[in-house]
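Shown next, in structure tokens, is the structure this report addresses.
The values are calculated or read from the model by the stated rules, or taken from the named source; none is laboratory data. All of these numbers come straight from a predicted model, not from anything done at the bench. Virtual Cβ from ideal backbone geometry, glycine too; neighbours counted across all protein chains shown. When the accessible area is computed, the model is the full protein with side chains, heavy atoms only, and any ligands, DNA or RNA have been set aside. Shrake-Rupley method; radii C 1.70, N 1.55, O 1.52, S 1.80 Å.
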Amino acid sequence: MSRLPRPRRPLALCRTRGPLAPPRPRTLLALAAALLLLGLTALGLARTRLDTGAESFLPPADPTARATERVASAFGGDPVVVLLETTRPGQLTSPGQLAKLLALEGKLAQLPDVAAVYGPATVLNQVAGRAQDLLAQLVGYRDGLYAEAVRTARERGAGDAAASAAGQSATAGFDLRYGPLLIQGMPAGLPTLRNESFVHTVAFDQAGDPRPQWRFVLPRADADAILVRPRQGLDQRAAEQLVQRIRGTLPTVALDTRQVTVSGTPVVAAGMATTLRAELPLLGGGALVAVALVFLLVRWTTGRHRLLPLLSTVLATAATLGLFGLVGRPLTLPVIAVLPILLGVGSDFMTYLERRAPRRIVVTVGLSTSAAFGALLLIPVRAIQDLGLALAVGVAFAVGIALLLTRWLGAPPPPEPSADRPEQAPAPARRRAVAAAAAAVVLALGWTLLPHLGLRSDLRGFAEGLPATEDAAHVEEVMGSSGELTIAVSGPDTMTREALAWMSRAQDQLITGHGDQLRAVLSPPSLLNFLGHTPTDGQLDAALRLLPRYLTSSVISDDHQLAVLAFATRLDDAQRLLILRDQVLASLPPPPAGLTVELTGLPMAAVSAYQSISDDRYLSNLMGLVAAGGVLLLGLRRRADAGRAVAAAALATAAGFVTLWITQTALSPVTAALGSLTAAVGCEFTVVLAEAARRADAGLRRAVGLAAAASAVGYAVLGFSGLAVVSQFGVLLAGSVVLAYASARLLVWLLPPGAEPAVPAASAASAPSPTANQRPAVGVGG
């Protein structure tokens, strides 16, 4: 009896999935998620923006930094300085040139994002206009006093002589106070810019030098300065556009000058941003090619898997930068250097997985590296915090992407049989003892030298290597300063007689005691010095009404609750500025009740950042070691590996400190936390090397060397940057990777981990036990 053919299952119910079978829902979901993440990354990359301003290197939570921001909100940010130099003294203050200079200052004031413009032509024009009003009102007021006294005397029956004497007596006090002003003003002629005698009298002294109160716009007889203060909170792109507009406005006015220089903190920051924007593709592309060559030239896995570490870290880098763009966080100077760094460090984890390192170890060392970088968030400088955040997030992305790629692409191929020589026998105890003693000496010496290493906190040093620094140096030479130390006085009313008297005493004491380092720029006492030392409330109110708001608004807020005394100083040596700050605070007299006095300005905020980084040297270098070690203790099954890793990272950091001391290389705010940066890779190398030694896996050991080479190359690419601070940062960190790898090899050699069976435990448990015909081999005497 023949059997009927078995009915075939419908195609939809078949378990067999042919090449045309529809993808599984999980695959579609994963693909959609990947496309969404790629889209978000692209959107974030399109929204990224740079911030290379000096403010990014200041402590945001510091009281001085907050006070500086408050003053800048009221009076404008750090100015763009337009320095105009002529061939002969007073050339730009001649009537013809002064009119053109006034037109230029007016055009600059109308540019977008400009809070205020201060220039010699506008200052003289405002003084001329107010001088006319002031003289007219003073003469009218004196005539009124005289007429009222004469009328009152005659009503009392006095004769002509007695009435005239009463009038003269009534105006005697007025003449004593305001007579010098009238005498000074009237011989100069009509107060107008066309009157060269008036201009010369107001702007210059008898020797032909600019008067001290106008030095901020007339630094020399043959040089004029225009200060363009941008509005507070201007982002980097807007600041760059403002600098471009200022440069574009200058040729529109034909001034008789021999040299025009545009400088200032916004200009230097714009130059840095332009350089970095041009360098970023070159540095990133160079790092990409260099790291790719490392993986391609070294035989460590099959050909089609050699670039997987690079793929994972490129995706992680893009995701990190995209995340910054999505959340609207600008890329500061250290973060811009993250691309080459992540290309080296982020590729380590895929390399280990390709050599079949245990996933638990790879994930744990990845998290410890991320924690070491994340410890930089504790440093109170925004740029350093951004660096730590970017590196921590980037490493976490790199680990996650490496795990996903390994899962999607399947298990890596089995490692090729090692052609290395067999492991050498343990070294004699004497050699280990000598090496351990040498390591202990380096460890103790390096950490002892840490407080004695130089710390460079010169903000201009970050732009070293750019043409903008040469312009800044020239402007500083002519102006005699590169920054402003500002004394901010705040309270219910800063324009009282008591407050003005205190400001006058404070200004006099600072000029007398620190005139070699401070030069008065502009202040309420400077503007109101014609009132004398003891004006009445009425005289003070009248003077504030008569003075040009153009000038008073530069040092007095509209509500009179904030006033500033600005002093020019040099923004060079942070240690000198720290001493100056303490001396200024000690020399200031006690303020009147109800008033608060604060030292503000970029130099003082830079000093706060310098002091914070300098005082916390041990904390900033140890916290990365502690963070990485804590993660290893929690994640590793063998706690000895965690101790070995921390010891290796501490040794590598100490060796780095010794190297810096020998080469007389100063730390910068970016590299001051060298311990945390070194711990990130030092702990990782040590743990994986210990695992390779335990398994006698020469391929995994070579993978650590390959990872170290890729990391060092990624760092070293930064050495080709045109910015000295970026170049030094890359070279220093490349050296730290070499030291970290050497220290890891040394610690694993000094403290060798226990050996493990070559066969995994699960396979060994399931293997058949030896039979009578399979006796274990024994040696002589076994």
In the range 475-609, taking the dipole from +1 charges on Lys and Arg beta carbons and -1 charges on Asp and Glu beta carbons about the Cα centre, the listed residue (V555, P525, G601) farthest towards the positive end is P525
Just to be sure I understand the model, the point goes 7 Å from the Cα along the line to the Cβ. What's the resulting D113 to L544 distance in nm? 3.4 nm
The FRET efficiency for T302 and R360, from their Cβ-Cβ distance with R0 = 25 Å and rounded to 0.05, is 0.55
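Subtracting the Cα-Cα distance from 0.36 nm times the residue separation, let me have the gained length for E498 to R637 in nm, one decimal. Let's see the in-between values first.
Numbers: separation 139, 0.36 × 139 = 50.04 nm, distance 7.11 nm.
Difference between extended and current length: 42.9 nm.
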Can you give the net charge of the other residues whose Cβ lies under 10 Å from the Cβ of L633, counting K and R as +1 and D and E as -1? 0
Label-to-label distance, nm, for residues given as R194 and H474 (7 Å Cα→Cβ offset): 3.6 nm
Let me have the relative contact order for the range 655-738, percent, based on Cα pairs under 8 Å that are six or more residues apart. 28 percent
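Taking R0 as 35 Å, what FRET efficiency do you get between R431 and T663 from their Cβ-Cβ distance, rounded to the nearest 0.05? Intermediate values should be presented prior to the final figure.
Details: r = 29 Å, r/R0 = 0.83.
The computed FRET efficiency comes out at 0.75.
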Beta carbons within 10 angstrom, averaged per residue: use that to sort the peptides 723-730, 233-240, highest first. 723-730, 233-240
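Counting only other residues whose beta carbon sits under 14 Å from that of G515, what net charge do I get with K and R as +1, D and E as -1?
Counting the neighbours of G515, the net charge comes to +1.
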Accessible area of the range 604-763 belonging to carbon and sulfur atoms, whole % at 1.4 Å probe: 67 percent
Subtract the Cα-Cα distance of R66 and D582 from 0.36 nm times their separation in residues, and report this length gain in nm to one decimal. 183.9 nm
In whole Hz, with x marking every Gly and Pro, tabulate ³J(HN,Hα) for the range 223-238 from phi via Karplus 6.51 cos²θ - 1.76 cosθ + 1.60, θ = phi - 60°. 8, 10, 10, 10, 9, 10, 8, x, 5, 5, x, 5, 6, 5, 4, 5
Once you place label points 7 Å from the Cα toward the Cβ at T87 and D572, how far apart are they in nm? 3.2 nm
So between A42 and F720, what do we pick up on full extension, going 0.36 nm a residue minus the alpha carbon distance? 241.3 nm
Given the candidates G635, T653, A680, the one whose Cα lies deepest towards the positive end of the charge dipole of the range 611-719, counting +1 at each Lys or Arg C-beta and -1 at each Asp or Glu C-beta, is G635
Taking square-rooted eigenvalues a ≥ b ≥ c of the alpha carbon gyration tensor, is the range 626-752 rounded, prolate or oblate, where a/c under 1.5 means rounded and, failing that, a/b exceeding b/c means prolate? prolate
Would the range 329-378 count as rounded, prolate or oblate if I go by the C-alpha gyration tensor, calling it rounded below 1.5 in a/c and otherwise prolate when a/b exceeds b/c, oblate otherwise? oblate
Amide H contacts of L522 (H built 1.01 Å from N, under 5 Å, at least 5 apart or other chain): A566
Would you mind classifying the range 283-382 by shape? Square roots of the alpha carbon gyration tensor eigenvalues, ordered a ≥ b ≥ c; an a/c under 1.5 is rounded, otherwise it is prolate if a/b is larger than b/c and oblate if not. oblate
Protection proxy ranking of 628-641, 706-719 - average other beta-carbon atoms within 10 Å, highest first: 706-719, 628-641
